[in-house]
Amino acid sequence: MSSRRRTHGTAHLPSGTTLEYMFSSPDAIILDASGAVSNKLAICLHPWSWLGGRMDDPVLQLLSVPLNQKGYHILRYNSRGVGKSTGWPSLSGSREVQDLQELVQWALGTISPVTSVAIIGYSYGSLIASSMPALPNIKTSHVLLSYPLGPRHWLTAFRGKTYTAALRSLVQDPHSNVLVLHGDHDDFTSSDVYAAWAQSLVADETNNQGRLEVVQIEHGSHFWREEQAKKKLLEVVSRWLP
């Protein structure tokens, strides 16, 4: 049985929005080379709330396994309008992006000092996660799982270009560290579409010094119910996480 400490609470943001969260500490304390505590923080974003996405999503819970093994504090939260989180979901995702930016700052003030941050978004959550820039003076990583490229236009009220620009800016940032993961049997985006998109991302990143890795996982669907695909997913995330 895990010895992780879990806290269920609410974060009050400067905008006035309150977000319900679940926070867990790693099993072991991580020390840096000098012997000081090295706090690593992962913030996890769930799928689209309009279709039932919430912080207890089974895929996000699955990802907690490698995160805990790597010594991360894990913060999962309900986006606005879900559970005890206040506010109303926006059609474009713009308010959710603002909420994430404010929540990151709230978390950095709560867990101190933080040496590394991982922003992890699954499905719709990856759209919002991709809009969070790398933090100044803190190693920042992004995991974008099952990025909903196919339905992006209607998930964002036809503001897909805004998210294209945000992701391009992220991968072009020399301080970025981005892992993109998708299955070869995704339910909403074909492998050919993902492949062309990945080539464009790599082209954007090549001109800069950021780190980008795009991984297609065999037999993986959008919902990651396949045991072989889940095993490979965990292997890749565990290998890649700082």
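Amide H contacts under 5 Å for Leu45: Ile120, Gly121, Tyr122, restricted to partners 5 or more places along the chain or on a different chain, H placed in the peptide plane at 1.01 Å from N.
Any idea what % of Cα-Cα pairs in region 92-220 are farther than 25 Å? Taking all Cα-Cα pairs of region 92-220, the fraction more than 25 Å apart is 23 percent.
A Förster radius of 22 Å combined with the Cβ-Cβ distance from Ala28 to Arg168 puts the calculated FRET efficiency at roughly 0.05. In the chain, a dipole from Cβ-located charges (positive for Lys and Arg, negative for Asp and Glu) runs towards its positive end, and of His12, Ala157, Tyr124 it is His12 whose Cα lies farthest in that direction. For region 6-240, the dipole from Cβ point charges (+1 on Lys and Arg, -1 on Asp and Glu) about the Cα centre works out to 400 debye, to the nearest 20.
Order of Thr189, Thr115 from fewest to most other C-beta atoms within 10 Å?
Arranged by neighbour count, lowest to highest, Thr189, Thr115 become Thr115, Thr189.
Against the compact-protein benchmark of 2.2 N^0.38 Å, the Cα-based radius of gyration of region 6-240 scales to 0.95. The length gained by stretching the chain between Ala157 and Gln61 to full extension, at 0.36 nm per residue less their Cα-Cα distance, is 31.7 nm. In plain terms, the chain from His12 to Gln101 could stretch by 30.8 nm, reckoned as 0.36 nm per residue minus the Cα-Cα distance. Modelled spin-label separation between Trp50 and Val215, with each label point placed 7 Å from Cα along the Cα-to-Cβ direction: 3.1 nm.
Only DSSP H runs of four or more residues enter the estimate; each adds -39500 (n - 2.57), and after division by the residues of the chain the mean residue ellipticity at 222 nm equals -10500 deg cm²/dmol.
Secondary structure note: in the chain, about 30% of the DSSP beta bridges are antiparallel. For region 6-240, the relative contact order is 17 percent, taking Cα pairs closer than 8 Å that sit 6 or more residues apart in sequence and dividing their mean separation by the residue count.
Karplus-derived 3J(HN,Hα) values for region 110-120, using 6.51 cos²θ - 1.76 cosθ + 1.60 with θ = phi - 60°, are 8, 10, 9, x, 9, 9, 8, 10, 10, 9, 10 Hz; glycine and proline are entered as x.
Modelled spin labels at Arg239 and Thr86, positioned 7 Å past Cα toward Cβ, are 4.6 nm from each other. The residues Ser64, Ser190, when put in order of fewest to most other Cβ atoms within 10 Å, stand as Ser190, Ser64. Averaging the Cα positions of each part gives two centres, and for region 66-101 and region 112-159 these lie 11 Å apart.
Only the coordinates and a few stated rules stand behind these numbers; no lab work does. Source: prediction; values computed, not measured. Neighbour counts run over all protein chains shown; Cβ positions are idealised from the backbone, glycine included.
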